[in-house]
Structures are given as C-alpha cells and as structure tokens.
C-alpha cells in the first residue's frame, strides 16, 4: 500500500502497538505526526489535557495543512473497583474516549477526501478480568464512539476500530496453553494490528466504515473448560 506524502497522526505512538503503526506508515511513505506523554522527538504532552490536544492539532495543521489519517491509540489507566478513584476513572476516560473525540473534532475541517480514522479499542470491550473497570470502560467507549463518528462524518471520513486481543509488544514466541488458547495457534504481535490499520486507511477498505474488527487469533470465540488445550482447573486436581 502506497501512502506517499500522506499525513498520518498517531496518538500514543511512542511505544508498543502505536510505535509499530507509526513505523509502518513511514515505511509506506507517509509523514507521521506522533503525540505521546513519553519523552521523545515528537509532540510530548498529556493526552487528557484539552490544551495539549489543541496545541498539537494547531501544530499539525500549521505544518502540513491537512490530515489524511488519524489513529487513536493512547493507553488508558487500568484500575478497578477496589482501588480506582473518581479522578483516576475520569482520567482513563479522558485519555481513552475524550481525547480521540476531541482530536476528531479539531481535525474535522482539515481531513482530506478519502480520509480515515482508526480507533484502537480492545477485546476487553466484550470481556473482562476483575479490577479493570477504568480501562474496560474506556475501550468500550471508543468502540461505541467509532460508529457514532462514522455516521457524523459520513461521506467525508471513514471511521473504524480495531479490538486487539493478546498482543505481545516484545514479539515473544509462546508455546503450549498460552499459544493454543488462540485458535490461530499463537500470541499476537504489533504488526498484526499495524497491518490492519494501514489496510483500513487504504483505498482497499473504501467500503468499510463504522466497523469494529477484533484481532485476537480467535481467542474470544473459543470456550475453554478444564482439560481443553492444556488448561487445567486447579479445583479439579
């Protein structure tokens, strides 16, 4: 896929999945604008801060004049009922839902024809572990925000989301139960997500909008009971 001279904005693009997305866009010829709270040679700021988002958007438009692709990938805080305060829960929503909404709003007048937004949700938008309410709520929120934006921006910007499952950002190769709990037979890596992001931004995905695509190796489709795929319930021993 050719993204020569396209402008791609990647929120949370300093490490992990976001960094891989930014690198793949660059390999395909795009000019990439990254915002992240981690120190680096990109725009650094707290994504929960309205002023930071406004300054970032202003800088991108001043430098490039338009935006072709927006990828919202920031990592919300993960805490649950036992420890998460009101302020921490609100902060997670600000990073995970409000910031993607506000950047879409700020860039709306500047999106080019054929523009695309890709939001990174999580398979936690449909399943949970205990004590993860702040993260899960943020990821569920951005999945719903996706189809709302797709309708509001219909005819101008396609908007889709991706829900990654188990993605090992260090590209660790797992064997045994950790691998086979995914029908694909392995744990995912950042390229599994980045490849889909670039596809959804390309003309090849021109008829896809408002969708959430779960990339989890089939993990959320496979029921696992005692004795299945190497897993054993300790109470049964």
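All of the numbers you see were taken from the coordinates with simple rules; none came from a lab. Since the model is a prediction, treat every value here as computed from it, not as a measurement. Positions of Cβ are generated from backbone atoms using ideal geometry, with glycine treated the same way; all protein chains shown enter the neighbour counts.
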- Message: Taking the 0 to 90 degree range and rounding to the nearest ten, how far is the long axis of helix 50-64 tilted relative to the main principal axis of the chain, both from C-alpha atoms?
- Response: 60 degrees
- By average Cβ neighbour count within 10 Å, what is the ranking of 119-125, 6-12 from highest down? 6-12, 119-125
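Quick one: grab the alpha carbon gyration tensor of region 47-133, order the square roots of its eigenvalues as a ≥ b ≥ c, and give me rounded if a/c is under 1.5, else prolate or oblate depending on whether a/b is larger than b/c.
Details: a/c = 4.04, a/b = 1.91, b/c = 2.11.
Oblate shape, in that a/c is at least 1.5 and b/c is the bigger or equal ratio.
With n ≥ 4 as the cut-off for DSSP H runs, can you work out [θ] at 222 nm for the chain, using -39500 (n - 2.57) per run divided by the number of residues, rounded to the nearest 500? It would help to have the intermediate numbers written out before the result.
On the way: 7 runs with 80 residues, N = 237.
Rounded to the nearest 500, it is -10500 deg cm²/dmol.
Taking only the alpha-carbon atoms of the chain, what semi-axes of the equivalent ellipsoid follow from 5 times the gyration tensor eigenvalues under a square root, in whole Å, largest first? The partial results should precede the final answer.
Values: eigenvalues 196, 85, 52 Å².
Gyration-tensor ellipsoid for the chain: 31, 21, 16 Å.
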- Query: If you rank 191, 200 by fewest surrounding Cβ atoms within 10 Å, what's the result?
  - Reply: 191, 200
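How would you order 154-165, 85-96 from highest to lowest mean count of nearby Cβ atoms within 10 Å? Working shown, then result.
On the way: 154-165: 20.7, 85-96: 17.9.
Ranked by mean Cβ neighbours within 10 Å, highest first: 154-165, 85-96.
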- Message: Multiplying the sequence separation of residue 62 and residue 44 by 0.36 nm and subtracting their Cα-Cα distance, what value in nm do you get?
- Response: 4.8 nm
- Kindly identify region 97-237 as rounded, prolate or oblate by the Cα gyration tensor criterion: order the square roots of the eigenvalues as a ≥ b ≥ c, call it rounded if a/c is under 1.5, otherwise compare a/b with b/c, prolate if a/b is larger, else oblate. prolate
- Message: For the chain, take the longest principal axis of its alpha carbons; what is the angle in degrees between that and the long axis of helix 16-27, to the nearest 10 within 0 to 90?
- Response: 50 degrees
- On a 0 to 90° scale, report how tilted helix 133-152 is relative to the longest principal axis of the chain, with both axes built from alpha carbons and the result rounded to the nearest 10. 50 degrees
- Query: Between residue 2 and residue 203, how many nm apart are label points set 7 Å from Cα along the C-beta direction?
  - Reply: 0.9 nm
- Message: As an exercise, use a Förster radius of 41 Å and the Cβ-Cβ distance of residue 82 and residue 171 to find the FRET efficiency, rounded to the nearest 0.05.
- Response: 0.80
- Item | Isotropically averaged projected area of region 1-42, using the convex hull of Cα atoms (one quarter of hull area), nm² | 2.7 nm²
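Using a/c under 1.5 as the rounded threshold, could you call region 146-205 rounded, prolate or oblate? The axes a ≥ b ≥ c are square roots of the C-alpha gyration tensor eigenvalues, and prolate needs a/b larger than b/c, oblate otherwise. Can you show the working numbers first?
Working: a/c = 3.56, a/b = 2.66, b/c = 1.34.
Prolate shape, in that a/c is at least 1.5 and a/b is the bigger ratio.
For 2, 168, what ranking results if the residue with the fewest other Cβ atoms within 10 Å of its Cβ goes first? Don't skip to the end; give the middle numbers.
Details: 2 10, 168 15.
Least to most surrounded, the residues fall as 2, 168.
Can you work out the FRET efficiency for the pair residue 222 and residue 147, with r the C-beta to C-beta distance and R0 = 22 Å, to the nearest 0.05?
On the way: r = 26 Å, r/R0 = 1.19.
Plugging the Cβ-Cβ distance into 1/(1 + (r/R0)^6) gives 0.25.
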